Amino acid sequence: MKPEEFNHIILPLRQELLSRAFGMTGNGEDAEDLVQEAMLRLWKRRDSLDASDNIKALLYTILRNAFYDDRRRQQRHPSVELSEGDTGFEERGVESLDEMALIRNIVEHLPPLQRQLFRMKEIEGYDAGEIMQITGCTADNLRKNLSRARLKIRDTYMKLMKGARDEK
């Protein structure tokens, strides 16, 4: 499926998806994040889709699965904040990781939507317009999610570097 065809079929479903996601999450921001996550997942599968597929049903299934995935992730990792006692980083030793590996590791601990948007913008080089077109998110929501991701990366990095300096 071509991007133009994808946008023509999928974007009109956005408001309906947002209503369904709000019913699942009970929160406007979480619903927006969930819809964007579902659209990203469908976008990744666009090459295997055609207009004759029941896209709406597939999108609802993806939305539901994204919701359940997020809930399972929250249960496994109740807090996405990395504390000083977080063994994921300390087991490997901050000193043994070079700076880029450390940042990649921090990015991997971001919530899925923030991680994907950050990768698209900062690593894959998509511009904001392309990301908004692919995900169906608004400029404001994209800006907020990228800002949250960057802030979390910076704060976690500074915490880990401070911890490494304190150990010496």
Kindly write out, for region 116-132 in residue order, the coupling ³J(HN,Hα) from the Karplus curve 6.51 cos²θ - 1.76 cosθ + 1.60 (θ = phi - 60°), rounded to whole Hz, with x marking Gly and Pro. 5, 5, 4, 4, 4, 7, 8, 9, 7, x, 5, 8, 4, x, 5, 5, 5
Can you pull the Rg over Rh of region 104-168, Cα-only, Kirkwood? 1.09
When all protein chains stay in place, what accessible area (Å², nearest 10, 1.4 Å probe) is found for GLU124? 110 Å²
Contour minus Cα-Cα distance for ALA128 and MET158 (0.36 nm per residue): 8.1 nm
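The values are calculated or read from the model by the stated rules, or taken from the named source; none is laboratory data. Please read these numbers as outputs of a predicted model, since none were measured by experiment. In case anyone asks, the SASA skips ligands and DNA or RNA and just uses the protein heavy atoms, side chains included. Shrake-Rupley method; radii C 1.70, N 1.55, O 1.52, S 1.80 Å.
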